[in-house]
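Worksheet: one structure, shown below.
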Amino acid sequence: CNRSPHRRDTKPLPRGVALRGGSAAAVPHYEGSAKHKTTKWTTSNPSAKTLMKKLVLTGHVPSKKNLYRRGRNGRMYLNSEVKAAIDWLIIQASSKWRGQPLEHPDIAVTFRVRDRRSDRDNKLATVMDVLQKAGVLKNDNTKRSNGTLTVLPAEIGKDEGVVIEITPRKEVVK
C-alpha cells in the first residue's frame with residue numbers, strides 16, 4: 001500500500017517514494033535513471049525532524065594531495081591556482097551553511113567532473129577539508145566526524161563541482 005497511517009493526509013505518495021515503519025530515521029529513496037538520480041528523504045514519523053541539507057558547490061575540486069610541490073627550502077606548498085580553487089569552495093560552503101558545526105553527520109558526496117580521469121579519493125580529502133574550514137564540520141578527523149561517508153558515482157558533464165548532502169545524527173557515534 002502506498003499510504004501510511006502516520007500521515008495526516010491520505011493522498012498517495014509520489015511514485016518512487018515510500019515510508020517505512022518502525023524507524024524515525026530518514027531513509028533515502030532514489031528515482032530516475034542511473035545517470036540522473038534524485039534523492040528524496042522521508043521519515044516514518046512526521047514529528048521526527050531529520051534535516052538533510054544539500055550544498056551544491058560549483059567550480060573545479062582539486063585533488064590537493066597530488067598538487068603539493070617542494071620549494072627550495074624543502075617546504076611543501078600548493079600553487080596559487082589550487083589555493084584559489086579551494087578558497088572559492090570554502091567561500092561557497094560557508095555562505096550556504098546556516099547553523100553550528102556538526103559532529104558525526106552522515107555525508108553523501110557526488111562529484112561533477114568533465115572527464116573520467118580525476119581522482120575521487122584525493123578530491124574527497126579536499127572536500128572534507130573545505131567543510132571543516134567553512135564551519136560545516138567541527139573537525140574532519142575520526143573522533144569528530146565518524147558518521148557514514150558515501151561517495152556516489154560521479155556525474156560526467158561540462159560543469160564541474162560537487163554536491164554534498166549532509167544529514168545530522170541524533171545519536172552519538174563513539
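Could you tell me whether the stretch 136-149 includes any residue that is closer than 16 Å to Thr58 by Cα and either modelled with pLDDT of 90 or more or of a type outside the set (Phe, Trp, Tyr) (or both)?
Within the stretch 136-149, not a single residue is closer than 16 Å to Thr58 by Cα and either modelled with pLDDT of 90 or more or of a type outside the set (Phe, Trp, Tyr) (or both).
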Go through the stretch 104-137 and give me each residue that's farther than 14 Å from Val162 by Cβ and in contact with a Ser or Thr (Cβ under 7 Å, 6 or more places away or on another chain). His104, Pro105, Asp106, Gly135, Leu137
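Only residues that are of a type in the set (Ser, Thr, Tyr) and part of a loop (DSSP other than H, G, I, E, B): list them for the stretch 124-174, please.
First, pick out the residues of the stretch 124-174 that are of a type in the set (Ser, Thr, Tyr): 126, 142, 145, 148, 150, 167.
Thr142, Ser145, Thr148, listed by residue number.
I'm trying to understand the selection: among the residues of the stretch 53-96, which are among the small types (Gly, Ala, Ser), touching a residue at least 12 places away in the same chain (Cβ under 8 Å) and farther than 13 Å from Lys133 by Cα? Let's see the steps before the verdict.
Our first condition is that a residue be among the small types (Gly, Ala, Ser); within the stretch 53-96, this holds for 59, 63, 71, 74, 80, 84-85, 93-95.
Okay, now just the ones that are also touching a residue at least 12 places away in the same chain (Cβ under 8 Å), so 59, 63, 85, 93-94.
Of everything in the stretch 53-96, those that are among the small types (Gly, Ala, Ser), touching a residue at least 12 places away in the same chain (Cβ under 8 Å) and farther than 13 Å from Lys133 by Cα turn out to be Gly59, Ser63, Ala85.
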Counting only residues in the stretch 43-73 that are open to solvent by 30 Å² or more (accessible area, probe 1.4 Å), within 22 Å of Ser95 (Cβ to Cβ) and hydrophobic (A, V, I, L, M, F, W, C), the one modelled with the lowest pLDDT is identified as Leu51
Give just the number: which of (1) within 17 Å of the chain's Cα centre (by Cα); (2) over 30 Å from Pro168 (Cα atoms) does Arg120 not satisfy? (2)
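Of all residues in the stretch 74-90, how many are part of a helix (DSSP H, G or I) and surrounded by fewer than 15 Cβ atoms within 10 Å (Cβ to Cβ)?
Step one: list which residues in the stretch 74-90 are part of a helix (DSSP H, G or I), which gives 80-90.
Checking which are surrounded by fewer than 15 Cβ atoms within 10 Å (Cβ to Cβ) leaves us with 80-81, 83-84, 87.
Adding up the residues that qualify gives 5.
Residues are listed down the side, and each one gets a yes or a no for (1) touching a residue at least 12 places away in the same chain (Cβ under 8 Å); (2) in contact with a strand residue (DSSP E or B) (Cβ under 6 Å, 6 or more places away or on another chain); (3) farther than 14 Å from Leu55 by Cβ; (4) crowded, with 17+ Cβ neighbours inside 10 Å:
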site	(1), (2), (3), (4)
Arg98	no, no, no, no
Glu103	yes, no, yes, yes
Ala108	yes, yes, no, yes
Arg117	no, no, yes, no
Lys143	no, no, yes, no
Gly147	yes, yes, yes, yes
Thr150	yes, yes, yes, no
Lys158	yes, no, yes, no
Val162	yes, yes, no, yes
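The values are calculated or read from the model by the stated rules, or taken from the named source; none is laboratory data. Since the model is a prediction, treat every value here as computed from it, not as a measurement. A quick note on method: Cβ atoms are made from the backbone with ideal geometry, for glycine too, and the neighbour counts reach across all protein chains shown. Ligands, DNA and RNA are excluded from the accessible area calculation, which covers all protein heavy atoms including side chains. Shrake-Rupley method; radii C 1.70, N 1.55, O 1.52, S 1.80 Å.
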